Amino acid sequence: MSAVRIGIIIGSTRPGRVGDQVARWVLEHASARTDAEFELVDLAEFALPHLDESLPASMGQYDKQHTKAWAEKVASFDGYIFVTPEYNHSTSGALKNAIDFVYGEWNNKAAGLVSYGAAGGTRAAEHLRLILGELQVADVRQQVSFSLMTDFEQYTKFAPAGYHEGMLATQLDQLVPWAAALRTVRESDSLAKAA
């Protein structure tokens, strides 16, 4: 069986964002593990417009090339770590838009949440949990939250406190087994549909 694949999704496309620094920190620590493969996924590289598909994502009939490319990337993972900013007590519009583009590609996967903001991004993470539930994504309990006041120098240079490493390790200890277990659920669903 191939290794569990986890996509670390940078949930901000804003110029001057700090989310890429947080995501690289996650990747650096996650890559030390041997039980999964990790890959950065930068929403800015996909340049998704505001949702422009004519049919609901749940139908899985995508017309646009950018949607097909995004669907292929999302489908390639067994689980995700969403690195989300908090904008106006919620996740970013860019991340919500990207999530809404596809549906089946998210189903029966696992996710961990890493958030940042003035209050650690916790409200953004809570909103994201509601969204993921609708997509049949099982989010793990352990969250990693960074404060713009204490984990960034002058709000721009990421300098996290050391205790966050332990929190991320716990999140990964939860996420990787869930991602592996849900792979078997997807395989069973595929066999049932083929029968």
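The values are calculated or read from the model by the stated rules, or taken from the named source; none is laboratory data. As the structure is a computational prediction, the values presented were derived from the model and not from experiment. Because the Cβ atoms are built from the backbone with ideal geometry, glycine has one as well, and the counts that use them run over all protein chains shown.
Among the candidates Arg33, Arg5, the residue that is within 30 Å of Gly166 (Cα to Cα), among the basic types (Lys, Arg) and in a loop (DSSP other than H, G, I, E, B) is uniquely Arg33.
I'd like to know if segment 29-48 contains one or more residues that are without any contact (Cβ under 8 Å) to a residue 12 or more places away in the chain and aliphatic (A, V, I, L, M).
Scanning segment 29-48 turns up at least one residue that is without any contact (Cβ under 8 Å) to a residue 12 or more places away in the chain and aliphatic (A, V, I, L, M).
Is one or more of the residues making up segment 8-28 more than 25 Å from Asp151 (Cα to Cα), surrounded by 15 or more Cβ atoms within 10 Å (Cβ to Cβ) and modelled with pLDDT of 95 or more? Checked segment 8-28: no residue is more than 25 Å from Asp151 (Cα to Cα), surrounded by 15 or more Cβ atoms within 10 Å (Cβ to Cβ) and modelled with pLDDT of 95 or more. Go through segment 54-87 and give me each residue that's assigned to a loop (DSSP other than H, G, I, E, B) and either modelled with pLDDT under 95 or touching a Gly at 6+ places or on another chain (Cβ under 8 Å) (or both). Residues satisfying the conditions are Gly60, Ser76, Phe77, Glu86.
Among the residues of segment 62-97, those that are free of Cβ contacts under 8 Å to residues at least 60 places away in the same chain, closer than 26 Å to Glu126 by Cβ and of a type outside the set (Phe, Trp, Tyr) comprise Glu86, Asn88, His89, Ser90, Gly93, Lys96, Asn97. Which residues, counting only those in segment 108-124, are under 13 Å from the mean Cα position of the chain (by Cα) and under 28 Å from Leu55 (Cα atoms)? Listed by number, the residues that qualify are Lys109, Ala110, Ala111, Ala124.
Without any contact (Cβ under 8 Å) to a residue 60 or more places away in the chain, more than 15 Å from Glu28 (Cβ to Cβ) and in contact with a Gly (Cβ under 9 Å, 6 or more places away or on another chain): does that describe Ser190?
No; evaluated as a whole, the condition is false for this residue.
Inspect segment 149-156 for any residue being crowded, with 16+ Cβ neighbours inside 10 Å and over 21 Å from Leu27 (Cβ atoms) and give the result as yes or no. Within segment 149-156 (the criterion being crowded, with 16+ Cβ neighbours inside 10 Å and over 21 Å from Leu27 (Cβ atoms)), the answer is no, since none of the residues qualifies.
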